[in-house]
Amino acid sequence: MKYLLIAVTTYFFSFAAMASDAVEYRTNLTFSPESSALNAVTEMLIPKKYRNNGTVALFLNKDFSVESVEGQHIESFEVKQSKKVPIWNEVIIEFSPSTKANNKTVRIKYAGSIDNKAQHGNFITSNQVHLSIDSAWHPVFSDFSTPILGAVTLELGDEWEVFGPGNVTSSGKKYQVNSIEPTIDVSLYAEKKPTSIHSDGFTVVYDDSNAERAEFVSNAGHQCFKQMNQRFGKHKQLKAVQAIVLERSGPSFARGNYISLNSQTLGSKVHTHQYLCHEIAHNWTNLTSAMSHDYWMIESFAEYISAKEVARIYGEEEFENILKKWQARAKGEAFVWRRETDRRASHKVNYGLGPIALMKLQEKLGEADFSELLDWYMTSNVTKTEALITKVGTLAGADTESWFSDLLAGNNSE
Ligand SMILES: [Zn+2]
C-alpha cells in the first residue's frame, strides 16, 4: 500500500490547476495531540460543473468518522471505501435534483486520528503537525483534478508557527493558512518553537537531524529563488518561499511557495538543488488542466529551467548527467505532443522527452531567441502547445515552426 500511495502522489499531485474554476473551502481545525487526533469542519461551495449526476465524491482518510454532512440542497450522503484508492474512503454526497442553484454549500464535520507511524509522512504530536494529501486528512475531489482554493484555521497554543502554501496570518492562538493558487489538496506544517533559517524571503524550517543539511537547502533554495525572481519577476514577484526539511517518511512535494522535503530521499546536493529549482520555477509556469495534452509544458519547462540552473552553478558536466537521466526516462516514448491526441502525457514525456525537445529547440533557435521564448512562456499566460509552436514561427520563421511541430509529434527522422 505504501508504494501505491506514493506512486499515486507523485503521479497526480504535482500541479496547480485553473484559477477561475476553483471550489472554495473554509476549514476549522482543532487537535488532540495525545491521540494524534484532529477535529474538523469543512465548508465547500460546490459549483454545478463539479456535480456529476447530482453527486460529488470526496476522498477522506479511512480512520476518520464523518459526523455530519449538511447543506440546504443535500439529499443524502454515504461514506464508503474508495475503489480508486482503496486505502482511502470516499464521502459521496447526493444533492436534491429539484434545486437549480449553481453553487451549493456543504458542511462536513469529521474527526479522527492520524497514524503517525504510517508511511504517508503525516503526523500530529504535541510539538508538530504535518498534513498533506498523503493521509487524505482534508476532503479532496476524487477525480484528482478539481481545483480548490481557500483557508484553513487552526487552533494551537502559544509559540507555534504555521507554514503552508500562500500566506499565513495569526491572531492569538488562531492561525490561518490562506491559499493563493488553486491546487487539488490542502497541506500545512505547524511546529512549536521551530528552528529555521531566513534569508531574504527564503525560509528553511528543519528538525534536529537536519541541522547540517538545512544550510545547504537554504543556500541552494535562496539562490534559485533570487535568480527566478530576477529573470521572471517582472511578471510576478515571488515574495516568500518556505522549505520544510524533516526526517520523516512519505514523498517530498511542493505547493506553490511551500515545499516539504523528506530528508531521507533528498539525494545528492545537485539533485536537491535541481528539485528546489524545479519547484520554485513552477510559480511561473502557467496553469493548465492537469489532464490535458498541454500539461507537458508545465513540467518540461520547469525541468529544463532547473537543469540549466544546475549547469550555471555546477557546470556543463552536471547538465550532461541530467540529460542522461532524461534520455533513459524517455526510452520508448514516441512523441511529446500531438494535436489530435488529447490526453495527459506520461511521466517519461514530462520529465524526459519534453525537456529534451526544449534542449533541441534551444540548439536550433540559438541563445537569444530561445531566451526570448522562455521569458515569453514564463511571463505571459501560455497554456496551449499551439501557442508555443506559433511563437517559434514568429521568432524563427515557418520552416523552424514546422520543424518544431514535427519534433513534438515525433515525426523528425534524426
Ligand atoms: Zn513539477
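The values are calculated or read from the model by the stated rules, or taken from the named source; none is laboratory data. Since the structure is predicted, the reported quantities are computational estimates derived from the model, not experimental observations. Neighbour counts run over all protein chains shown; Cβ positions are idealised from the backbone, glycine included.
Report, by residue number, each residue of the range 264-285 that is assigned to a loop (DSSP other than H, G, I, E, B) and within 13 Å of the ligand (Cβ to nearest atom). Let's see the steps before the verdict.
The initial filter retains those residues of the range 264-285 that are assigned to a loop (DSSP other than H, G, I, E, B), namely 266-268, 282-285.
Answer for the range 264-285, where residues must be assigned to a loop (DSSP other than H, G, I, E, B) and within 13 Å of the ligand (Cβ to nearest atom): 282, 283, 284, 285.
For residue 104, work out the one condition from (1) surrounded by fewer than 20 Cβ atoms within 10 Å (Cβ to Cβ); (2) over 19 Å from residue 29 (Cβ atoms); (3) not aliphatic (A, V, I, L, M) it doesn't fulfil.
Residue 104 satisfies every listed condition except (1).
Quick test for you: out of 348, 308, pick the one residue that is within 16 Å of the ligand (Cβ to nearest atom), of a type in the set (Lys, Arg) and in contact with an Asp or Glu (Cβ under 6 Å, 6 or more places away or on another chain). Give the derivation first.
Values: 308 fails: in contact with an Asp or Glu (Cβ under 6 Å, 6 or more places away or on another chain).
348 is the lone residue from the list that is within 16 Å of the ligand (Cβ to nearest atom), of a type in the set (Lys, Arg) and in contact with an Asp or Glu (Cβ under 6 Å, 6 or more places away or on another chain).
Report whether or not residue 161 is assigned to a helix (DSSP H, G or I) and over 30 Å from residue 50 (Cβ atoms). Show your work before the answer.
On the way: assigned to a helix (DSSP H, G or I): no; over 30 Å from residue 50 (Cβ atoms): yes.
No; evaluated as a whole, the condition is false for this residue.
Sort out which residues of the range 167-191 are touching a residue at least 24 places away in the same chain (Cβ under 8 Å) and surrounded by 21 or more Cβ atoms within 10 Å (Cβ to Cβ), and write them in order of number.
177, 179, 182, 183, 184, 185, 186, 187, 188, 189, 190, 191
Does residue 250 satisfy the criteria of being buried (at least 20 other Cβ atoms within 10 Å of the Cβ), on the phi > 0 side of the Ramachandran plot and within 14 Å of the ligand (Cβ to nearest atom)?
Working: buried (at least 20 other Cβ atoms within 10 Å of the Cβ): yes; on the phi > 0 side of the Ramachandran plot: yes; within 14 Å of the ligand (Cβ to nearest atom): no.
So residue 250 does not fit the description; no.
Can you tell me which residue among 329, 248, 255 is within 20 Å of residue 228 (Cβ to Cβ) and either out of contact with any helix residue (DSSP H, G or I) (no Cβ under 8 Å at 6 or more places or on another chain) or not assigned by TED's automatic domain parsing to the domain that holds residue 182 (or both)?
Numbers: 329 fails: within 20 Å of residue 228 (Cβ to Cβ); 248 fails: within 20 Å of residue 228 (Cβ to Cβ).
The conditions single out 255.
Taking the options 412, 381, name whichever one is outside any helix (DSSP H, G or I) and more than 25 Å from the chain's Cα centre (by Cα).
Details: 381 fails: more than 25 Å from the chain's Cα centre (by Cα).
Among 412, 381, only 412 is outside any helix (DSSP H, G or I) and more than 25 Å from the chain's Cα centre (by Cα).
Looking at the range 154-210, which of its residues are closer than 26 Å to residue 42 by Cα and of a type in the set (D, E, K, R)?
Applying the first criterion (closer than 26 Å to residue 42 by Cα) to the range 154-210 yields 154-192.
Correct list: 155, 158, 159, 161, 173, 174, 181, 185, 191, 192.
Being of a type in the set (Val, Ile, Thr) and either touching a Cys at 6+ places or on another chain (Cβ under 9 Å) or assigned to a strand (DSSP E or B) (or both) is the filter here, so list the residues in the range 144-158 that pass it.
Keep residues of the range 144-158 that are of a type in the set (Val, Ile, Thr), which gives 146, 148, 152-153.
148, 152, 153 - these are the residues of the range 144-158 that are of a type in the set (Val, Ile, Thr) and either touching a Cys at 6+ places or on another chain (Cβ under 9 Å) or assigned to a strand (DSSP E or B) (or both).
Take residue 289 and decide whether it is more than 14 Å from the ligand (Cβ to nearest atom), under 27 Å from residue 149 (Cα atoms) and not assigned by TED's automatic domain parsing to the domain that holds residue 341. It would help to see each step written out before you state the result.
Values: more than 14 Å from the ligand (Cβ to nearest atom): yes; under 27 Å from residue 149 (Cα atoms): yes; not assigned by TED's automatic domain parsing to the domain that holds residue 341: yes.
Yes.
If the requirement is being polar (S, T, N, Q), at pLDDT 90 or above and either crowded, with 17+ Cβ neighbours inside 10 Å or within 20 Å of the chain's Cα centre (by Cα) (or both), which of these qualifies: 14, 68, 36? Break it down stepwise before answering.
On the way: 14 fails: at pLDDT 90 or above; 68 fails: either crowded, with 17+ Cβ neighbours inside 10 Å or within 20 Å of the chain's Cα centre (by Cα) (or both).
Just one listed residue meets the conditions, 36.
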